[in-house]
Each structure stands twice: as structure tokens, then as C-alpha cells.
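Taking it in order: structure first as C-alpha cells, then the write-up.
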Amino acid sequence: MCVFTREIDYVTSTRIFARIEHARQAIIYDMYLSTDVETAMVLPIPVAKNHADNAVDFIDLSHYEDIFIDINALFPKSRGPVAASVSPGGSLNVVQVGVFEASYVPTMGDFSRLDPRFRLNEDFFQKLPAYKDYGFVVFQLEPGKSQVHPMAFWFPTRHSDRLFFPTVHMHHGEVHKQDEYNHVLYGQGNILDRAGGAVTQKTVGGDKIKVVMTRSQGLVSSESEIYKYTLLGHLKNKDTWFQLKGE
């Protein structure tokens, strides 16, 4: 799920990368955003339980804005996209990550410790009880129209057997059963084929993936394949998971 704390004009061209290493999941997220007001993007994430305020490690990719161009270049050329059918405590830590200020909110109750401009509406958890025990990554965004440089972080996942992609949409405080999508998802690891999905597999290796690994500060690995999955059109509004094969 991706939620904006204040009304935006639109968001499009979302790209998300995910992989798991030693029970931690990496997410890289970018998009084209148009907003006239300062806002924040909130990503609920399935953090392993009983972790503290510092459970999330933010990674600065402001000097690697082209990471998704480089990841996509690892795939064979295609003829176009394929369409897929309140807690105690002081203020939360704010981390400067490139041009963003980022925070990790461990529980729904901890939003009271965040700047009021960047809190979720109180009825959010009543409408979406599935996220009531998630953690929340918050990126504060400035007004403007731009391709937002990649936002990236590691978190301890409660589901080490699958990759999580936050793809639920919320508009005007509502989550509709279906929504319009323009997303490309990249999952790295020993992934099971998705039945009925549009998945392209690329065996990675050589100098190109090693460059991506180095420039991404290890978010991308040079040791396993990357899968590409396109969400395009009017689709069921839900988060996306890639199941990993057992050892």
C-alpha cells in the first residue's frame, strides 16, 4: 500500500524493486509525482514483530537516480509492456535520505509522535485493519512535478518466504476494489513463477549487474536472477507478493 497524507494531483510510472537477504527485505521505490502541497508518502510494511524504532535502515540513492534504467537494461529487449490480468515516547527519529526526510513509525499508535502534517487520518486503520500490526515508512515530499529519486530501505520481514510489494492504492481516504495501475515490479531471488502473471526472467551476471550492486550499496545482488512483473490497466487493488522457492 502507498498512502499520501495530503491530497496530491497524481502519481504515475511507479517502479519497485524487492529482495530478501538473511530475513531482511530491501525495497527500492520511485515514481513520477505531481503535488501542489508538501505531503508525505506512507508505506505500511510487514516488519517482524517486537522491533524497535531503529528497525529500518534507510539507504541514500540520490546519486543513483538511474538505478531502474540500469536494472531494466539487464532484461532482453521487449516489444512493450505486458498487461497483468498511541504509544509512549518522544518524537520519532528523522533521517535525511538524499532530498527526503524519512522516518520509521513502529506501530499505528506511534503516529502521534510524528509531525502532524505527516500523520495518517485516524480512520485509516478502521478501514484497513490488515495493516494494524504493520510498521510504517514515511518519506516527506516537497511540492512540485518530478520523477522522485529512488527511496530505499531494509527492514526485518515477518515473511522470509516471500517478497512484499506495497501496491494497494488509496484515493481520497478510500480503497476501491479495483484501480488503475502503471507499475513495474522487479523481484530478485529464487522466485516461483506467478500463475497467470506476466513475468520475464533474466539470468543476471557479468559486469553490468556488478556495477548495479556496487552503486546500489548492496540493495541489488549480483548472485541471483531478477524477475520483472508489469501491472498495467484496471486491476484488482491489492498488495503484490512473490513467493520464494524453499531451499
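Quick check on my filter: what residues within the stretch 26-69 are small (Gly, Ala, Ser), crowded, with 20+ Cβ neighbours inside 10 Å and closer than 19 Å to residue 4 by Cβ?
40
Just a yes or no: is a residue in the stretch 5-15 surrounded by 17 or more Cβ atoms within 10 Å (Cβ to Cβ), of a type in the set (Val, Ile, Thr), outside any loop (DSSP other than H, G, I, E, B) and modelled with pLDDT of 70 or more?
yes
Just name the residue that is farthest from the chain's Cα centre (by Cα) out of those in the stretch 196-226 that are modelled with pLDDT of 90 or more and not aliphatic (A, V, I, L, M).
210
If you take the residues in the stretch 127-146 that are within 19 Å of the chain's Cα centre (by Cα) and part of a strand (DSSP E or B), which one is modelled with the lowest pLDDT?
Going through the qualifying residues, I end up with 146.
The values are calculated or read from the model by the stated rules, or taken from the named source; none is laboratory data. It should be emphasised that the depicted structure is a prediction, and the values quoted were computed from it without experimental measurement. A quick note on method: Cβ atoms are made from the backbone with ideal geometry, for glycine too, and the neighbour counts reach across all protein chains shown.
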